[in-house]
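Quick notes on the structure that follows.
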2 protein chains.
Amino acid sequence: MAQNTAATGLQRLRNHMAGHGLQVCVISLPIHIGYLCGYFPPANRFASLLVTPSEALLLAPASGAPAPSADLAVLTYEDYSIARTVHLAADSLAAFARALAGLCLAAPRLGWEPSFLPAVYADRLRTVLNPIQSEDVSPLLEALRTVKAPAEVQAIERAVAATDDIFAALERSIHAGCSELDVYSMALATVARAAAGPAVLDGDFVSGPRTEEIGGPPTPRILQPGDLLIVDVYPCLAGYWADTTRTFSIGKPSQQTVDRHGVLEEALAAGRRAIGPGLPTRELYAVVKGVIDRAGFGACFPHHAGHCVGVTPSEDPRLIPGSDAVLEEGMVITLEPGIYLAGWGGMRLEDNFLVTAEGCRSLSHYPLKLVEI
Amino acid sequence: MAQNTAATGLQRLRNHMAGHGLQVCVISLPIHIGYLCGYFPPANRFASLLVTPSEALLLAPASGAPAPSADLAVLTYEDYSIARTVHLAADSLAAFARALAGLCLAAPRLGWEPSFLPAVYADRLRTVLNPIQSEDVSPLLEALRTVKAPAEVQAIERAVAATDDIFAALERSIHAGCSELDVYSMALATVARAAAGPAVLDGDFVSGPRTEEIGGPPTPRILQPGDLLIVDVYPCLAGYWADTTRTFSIGKPSQQTVDRHGVLEEALAAGRRAIGPGLPTRELYAVVKGVIDRAGFGACFPHHAGHCVGVTPSEDPRLIPGSDAVLEEGMVITLEPGIYLAGWGGMRLEDNFLVTAEGCRSLSHYPLKLVEI
């Protein structure tokens, strides 16, 4: 189904509800709550979003809950007190039951997320609403999420800009003698500046022989002259993720290394030219893989050629031979060709693209180069 | 109930199972899985730990799953493939059903976590096991967690040592002109070095007028001469958290500031002398609060006087007037007196203590001082 790229997630969900006669949706997965109302619940706290055709009610812990607005009613439960010992499970369950009862719905058609709503809340949901029919809307929400609304594209672009900043900072500052942990800490500091607050960053920081392993967390390993260094960073700003990669050469790279990186540049460029609405993702994989194959490195590229990003750093559709998905306008995808040779090392190059009516637009602006430092 | 401080969480759970005739426990809360087997599941992936009197079986996503051992069988489900689109919810549910069927239990007495196991898995649990009786073991696990086993104390001490390192690094490096974000980034880099890997750190980084607000995330605000700066850091190393605080003075503090910090030092020392098995936590609150009251700042101390730490940075029992809990040997608690005055600013001092048979042992070693920089 081609989606309306201008519609927000909430509008898309309500369109589905209207089409399927759902009177209420009870949303449980934290990233789906964030996708629909912009509030991403903290870990280890229960939250729920109740959506009807005309209203949205967020149930959230009091600490850090958003202010109510014209579009969003907010009901909170106390999660901090010095007057009593707080019992989060019992208190959040009681608040959930109150929120459901406040809907004043009898035997509705219900959309919910049985793979994510814990059992006690599900039992209460069944008791209070007594739904005549229910639908698991998690797969629907996953599908709706694939096509980004304009505000989501902007959020992802801010995260991609943070990755541009990371690579620029590393190009200025790292050198032989730094550790992988130093590289990681510089990346964290850059993301904190971009977020003007706490940094949320995951990624791969592997150097020297570790580059053969494709990825991994940073270690105390010290960068040596002649090393390759793969920096694959996925920062999250305001709930939205980017995911880009550059490979660094510590000192002047050999011609062989330059040539192999050239294969990655060519594979990414070929993928970029192919991107457009209607292209099966398995074909886009084949385009990227084909360039690597023809250069003789097909057996050295064991992973996907890319994936989508959004409220997670890696989500469907994926650029893999085993996918049946098709690109649509408004998807944001990564392309990430790589080459990994035992005894030599590994390199990867990754950029993020918005699928447009005409083809695509690159969201990252840092040069697609092997970075010599 | 006084617990055996030498026993691991898994041994304590099995003791309870034996006493209550439970044949199997199905554990769902990620921090409880980590508490019992040392593996902390990633966000957005289903995991479960099945515990019988003689065996423990972990169901986990294949990426990052631990190796099986003599004490822990491991069953994984595929969460990455290029050959097919992975359906995490369906695949993890099927694996969960296989794990349950493999127990070969008919109508057992079951312990489980209905506040955390999602509905579809709960329905499968009921269908496959058909339990004759079931008990919510989440409150039990919360209670068992309060008294730390020796390996847990060591893990917390490593996290506390990272907070010592943070304060020492800040004392060396920060100055007027740094931003709160710079302070935060230095703390992150210190935690990454301590962890020899990715940094998990939360905390309060507030300076100048923001110190009146008790806490909050770091912002781009620049430290000014004469500012106070509250650094309340809670790093997590290998699943275990510490939580300590120091207040910094940017430039030479006034005598009034020194005197007020002296009240915090006295309040913390009084609390420390009082700590011991059998002491009601509300009385420990009263000891700390009493010192602040007598100095005339009782109205300026609105929060708890401390709490426990472990697989979360803040957990029961809490040092609040509304608690009925009693200290036990093996608990690890923070003491955190604070003073916050509108128009002046705020200060807090916090250290972590292991409750011992004789009283307590301080886990942090950085001086309990107002840090002048």
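Looking at A:Gln3 and the list (1) touching a strand residue (DSSP E or B) at 6+ places or on another chain (Cβ under 9 Å); (2) touching a residue at least 60 places away in the same chain (Cβ under 8 Å); (3) in a loop (DSSP other than H, G, I, E, B), which single condition is not satisfied?
It fails just one condition, (1).
Could you please let me know if B:Gly251 is more than 20 Å from the chain's Cα centre (by Cα), in a loop (DSSP other than H, G, I, E, B) and either touching a residue at least 24 places away in the same chain (Cβ under 8 Å) or surrounded by fewer than 22 Cβ atoms within 10 Å (Cβ to Cβ) (or both)?
Considered against the rule, which asks whether it is more than 20 Å from the chain's Cα centre (by Cα), in a loop (DSSP other than H, G, I, E, B) and either touching a residue at least 24 places away in the same chain (Cβ under 8 Å) or surrounded by fewer than 22 Cβ atoms within 10 Å (Cβ to Cβ) (or both), B:Gly251 comes out as yes.
Pick from the range B:254-272 the residues that are touching a helix residue (DSSP H, G or I) at 6+ places or on another chain (Cβ under 6 Å) and over 25 Å from B:Gly226 (Cα atoms): which of them is surrounded by the most Cβ atoms within 10 Å (Cβ to Cβ)?
In this case the residue turns out to be B:Gly271.
Evaluate the range A:347-357: report whether one residue or more is in a loop (DSSP other than H, G, I, E, B), in contact with an Asp or Glu (Cβ under 7 Å, 6 or more places away or on another chain) and within 14 Å of chain B (Cβ to nearest Cβ).
Within the range A:347-357, not a single residue is in a loop (DSSP other than H, G, I, E, B), in contact with an Asp or Glu (Cβ under 7 Å, 6 or more places away or on another chain) and within 14 Å of chain B (Cβ to nearest Cβ).
Which of the residues belonging to the range A:296-318 are part of a loop (DSSP other than H, G, I, E, B) and not small (Gly, Ala, Ser)?
If the condition is that a residue be part of a loop (DSSP other than H, G, I, E, B) and not small (Gly, Ala, Ser), then A:Phe297, A:Phe301, A:Pro302, A:His303, A:His304, A:Val309, A:Val311, A:Thr312, A:Pro313 are the ones that fit.
Take the residues of the range B:66-87 that are of a type in the set (Ser, Thr, Tyr) and closer than 21 Å to A:Pro139 by Cβ: which is farthest from the other protein chains (Cβ to nearest Cβ)?
B:Tyr77
Regarding B:Ala149, is this residue buried (at least 18 other Cβ atoms within 10 Å of the Cβ), out of contact with any Phe, Trp or Tyr (no Cβ under 8 Å at 6 or more places or on another chain), aliphatic (A, V, I, L, M) and more than 14 Å from every other protein chain (Cβ to nearest Cβ)?
Judged against the criteria, B:Ala149 is a match.
Of the conditions (1) surrounded by fewer than 22 Cβ atoms within 10 Å (Cβ to Cβ); (2) within 12 Å of chain A (Cβ to nearest Cβ); (3) over 23 Å from B:Glu315 (Cβ atoms); (4) not aliphatic (A, V, I, L, M), B:Ser54 fails just one. Which one is it?
(2)
Filtering the range B:165-183 down to residues that are assigned to a helix (DSSP H, G or I) and over 21 Å from B:Pro367 (Cβ atoms), which residue is farthest from the other protein chains (Cβ to nearest Cβ)?
B:Glu180
Can you find, within the range A:20-32, the residue that is farthest from A:Gly64 (Cα to Cα) among those that are β-branched (Val, Ile, Thr) and within 13 Å of chain B (Cβ to nearest Cβ)?
Applying the filter and picking the extreme gives A:Val26.
Which condition number in (1) touching a Gly at 6+ places or on another chain (Cβ under 9 Å); (2) of a type outside the set (D, E, K, R); (3) over 27 Å from A:Asp204 (Cβ atoms) is the one that B:Phe248 fails?
Answer for B:Phe248: the failing condition is (1).
Can you tell me which residues in the range A:294-312 are more than 10 Å from chain B (Cβ to nearest Cβ) and closer than 13 Å to A:Ile333 by Cβ?
Residues satisfying the conditions are A:Gly306, A:His307, A:Cys308, A:Val309, A:Gly310.
FYI, it's all coordinate maths here, none of it is from the lab. Just so we're clear, the structure is a prediction, and the values are computed from it rather than from any experiment. Virtual Cβ from ideal backbone geometry, glycine too; neighbours counted across all protein chains shown.
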